[in-house]
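Here is the structure we will look at.
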Amino acid sequence: MTRRYDDQNIFAKIIRGEIPNSTVIETEHTLAFRDIQPQAPVHVLIIPKGPYVDHADFAANASEAELVDFARVTAQVCEAEGVISDGFRAISNAGVHGVQEVPHYHLHILGGRALGRMLARA
Ligand code: DGP
């Protein structure tokens, strides 16, 4: 089951150019830009330009060209931001349990400092 895509979400507006962004890399299928509320020295969001709600939707329904482009842009962002050698975290929140704020698939790339454990122990 795929959640319904809402084309009024903030990232859809960024893709349409209705809201400005700080672009890191842009290709035909993918946009990488800086998070407006960075949680680490490097905090870049990578989004497909197509209307996908979350990672599962993108993985199930995107074309091969979109999937490959997204993966390659992810590598290029990590290289350009200088986080390969010391490491980074790639996170994608989905739905209510994942505490996803913006319902357009996005991958957070975080780095530039030691990030601690991925989840607080319950
Ligand atoms: P998530 O919880 O995974 O859906 O995180 C959404 C992220 O999007 C959050 O870190 C803040 C960021 N964000 C929200 N609105 C904007 C915006 O208008 N511009 C940018 N660059 N980032 C935004």
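The values are calculated or read from the model by the stated rules, or taken from the named source; none is laboratory data. Everything numeric in this text was worked out from a predicted model, so none of it was measured. Reconstructed Cβ throughout: ideal geometry from the backbone, glycine too, with neighbour counts over all protein chains shown. What goes into the accessible areas is simple: the full protein's heavy atoms, side chains included, and nothing from ligands, DNA or RNA. Shrake-Rupley method; radii C 1.70, N 1.55, O 1.52, S 1.80 Å.
Here are a few things to note about the model shown:
- So Val73, is it assigned to a loop (DSSP other than H, G, I, E, B) and modelled with pLDDT of 95 or more: no
- Some residue of region 12-29 being under 16 Å from the mean Cα position of the chain (by Cα), in a strand (DSSP E or B) and within 20 Å of Arg113 (Cβ to Cβ): yes
- Qualifying residue in region 48-58 (condition: surrounded by fewer than 18 Cβ atoms within 10 Å (Cβ to Cβ) and over 10 Å from Tyr105 (Cβ atoms)): no
- You will find that of Val83, Val68, the residue that is open to solvent by less than 100 Å² (accessible area, probe 1.4 Å) and outside any loop (DSSP other than H, G, I, E, B) is Val68 and no other.
- Gly95 being over 30 Å from Gln8 (Cα atoms), of a type in the set (Gly, Ala, Ser) and surrounded by 11 or more Cβ atoms within 10 Å (Cβ to Cβ): no
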